[in-house]
Amino acid sequence: MSEGKFAVVTGAGTGVGKATGAALVANGWTVAFVGRRRGPLDAAVTATGAPERAVAIPCDISEASQVDELFAEVKERFGRLDLLFNNAGMSYKSVMIDEIPVEVWNDVVGVNLTGSFLCARAAFGIMRHQKPMGGRIINNGSVSAYAPRPGSVPYTATKHAITGLTKTLALDGRPFDIACGQIDIGNALTEMAMAMTKGVPQANGTTAVEATMDVQRVADAVLHMASLRLDANVLFMTVMATKMPYVGRG
């Protein structure tokens, strides 16, 4: 149980973000549920059963001005920030690089990488200057931060970059009691992962159904990382469906 702890979760209207936000609220956190669409955010907040400790704040995290407004509102509402879960992300269909529109690349980079940078930048600034100083940033990396799927250049490139963001924030945060870790998720059964149950391209050229896991397993893992005292940090954690192809992928 974390009393008087305040968190921002991006991509919180559905999937991993929604489940993680709910788990944090259930364990005593006050949480800003952040995403582009008001409707899913309001539904996620209502589903927590604790509206006094959950607030929906629409924001396009790829837009710097909106991110600045988001964290200014968080600071005004909460007074401090103890956790950022940098979760929002998007992907694209499996396709070779020469068939990827530049606009798609820019969109994926804008959300997955620039959005994570903008949110981390704002959160770090609050955590560095608040009293007591410090906090935790958890980035959603994905197993694609290590092992790509076929035809996934934009998504995989951004997720590899998230690993660099995590390592640098973990280093730069030391003097300010800001811990940064990364959770690398494999086949949590969200809307984004529904294709796994029907068949997705494999490295050997075949298409195969892949094992999935309940998204609550991810929420539990993030909650564990978030619940540590700031003198300890899970730098990288991989939580994945046990039988999915990852070790030995390709």
Checklist line | Net charge of Cβ neighbours under 9 Å - reference S144; Lys, Arg +1; Asp, Glu -1 | finding: +1
Note to self: Can you say what percent of the DSSP beta bridges in the chain, counting only those with both residues inside, are antiparallel? Round to 5.
What the structure shows: 5 percent
Note to self: Please list, ordered by chain and number, the residues whose modelled amide H lies under 5 Å from the amide H of V8; skip anything fewer than 5 residues away on the same chain.
What the structure shows: A32, L83, L84, F85
Check: Over the Cα atoms of the stretch 111-250, how large are the radius of gyration and the largest Cα-Cα distance (Dmax), in Å?
Finding: 16.4, 55
Next item on the list: State the Kirkwood hydrodynamic radius of the stretch 46-169 in Å, one decimal place, computed from all pairs of distinct Cα atoms.
Entry: 15.8 Å
Checklist line | 20 Å reach of a label modelled at Q216, 7 Å along Cα-to-Cβ, counting backbone N of the stretch 1-41 | finding: 1-2, 12-29
Next item on the list: Return the calculated 222 nm mean residue ellipticity for the chain, to the nearest 500 deg cm²/dmol, obtained by summing -39500 (n - 2.57) across DSSP H runs with n ≥ 4 and dividing by the residue count.
Entry: -11500 deg cm²/dmol
Next item on the list: Please report the Cα spread of the chain along all three principal axes, rounded to whole Å, starting with the longest.
Entry: 54, 34, 34
Item checked: Eligible lysines near K159 by straight Cα distance, threshold 17 Å, same-chain separation 8 or greater -> K93, K167
Check: What is the spin-label model distance, in nm, from V104 to M192 if the labels are put 7 Å beyond Cα along the C-beta direction?
Finding: 1.6 nm
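Just so you know, all these numbers are worked out from the coordinates, no wet-lab data involved. The structure displayed is predicted, hence computed values, not measured ones. Positions of Cβ are generated from backbone atoms using ideal geometry, with glycine treated the same way; all protein chains shown enter the neighbour counts.
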